[in-house]
Amino acid sequence: MQGAPGPQGPRGEPGEVILPGVVVTPDVMRYFYTTDALVALDPPLIIPANQFTDDNGNAVSEIMEISQSGYANLYINGMMQEGRIFSVTPEALTLYSPGDVLLEGTPVILQVFQFNAQVVV
């Protein structure tokens, strides 16, 4: 059996307030591809990851995954494209633009941005 609670004790000293900081670190990768012939985009064009090179001209094996804290930009012949005409997976870039063609030598540049946040106390 438990007895009645005792009186409340004195209030303690206020504690130290710690305001954490947040450090956001971007991770950016660029992938480069150039068409080697005239390419019709009917059906959609799938460019495998291993067809791209990185900023140093090295072949890549996969494209950086795009999570909820990231996004991608696509440039064709130096012009940014609408997000609705492409999709990206680690394995490939897929272009959906029925009726369009890419001429031989057209540069295709994919930028993938990923942001990582860390709380610093």
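Picking from residues in the stretch 33-60 that are β-branched (Val, Ile, Thr) and not in a loop (DSSP other than H, G, I, E, B), the one that is surrounded by the most Cβ atoms within 10 Å (Cβ to Cβ) is 47.
Go through the stretch 76-93 and give me each residue that's surrounded by 15 or more Cβ atoms within 10 Å (Cβ to Cβ) and closer than 15 Å to residue 31 by Cβ. 76, 81, 86, 87, 88, 92, 93, listed by residue number. Pairs meeting the criteria (first residue in the stretch 99-121 and more than 15 Å from residue 47 (Cα to Cα) and in contact (Cβ under 8 Å) with a residue 24 or more places away in the chain, second residue in a strand (DSSP E or B) and aromatic (Phe, Trp, Tyr), beta carbons under 7 Å, at least 6 apart or on different chains) are 113/71. Residues in the stretch 68-103 that are of a type in the set (A, V, I, L, M), within 14 Å of residue 35 (Cα to Cα) and out of contact with any helix residue (DSSP H, G or I) (no Cβ under 7 Å at 6 or more places or on another chain): 76, 93, 101, 102, 103. Given the condition closer than 30 Å to residue 98 by Cβ, at pLDDT 90 or above and aliphatic (A, V, I, L, M), answer yes or no: does some residue in the stretch 14-27 qualify? Checked against the condition, which is being closer than 30 Å to residue 98 by Cβ, at pLDDT 90 or above and aliphatic (A, V, I, L, M), the stretch 14-27 yields no hits at all. Screening the stretch 28-65 for residues that are of a type in the set (D, E, K, R) and at pLDDT below 95 and picking the one that is farthest from the chain's Cα centre (by Cα) gives 42.
The values are calculated or read from the model by the stated rules, or taken from the named source; none is laboratory data. Small disclaimer: the values here were computed from a predicted structure and weren't measured. All Cβ positions, glycine included, derive from the backbone under ideal geometry; neighbour counts span all protein chains shown.
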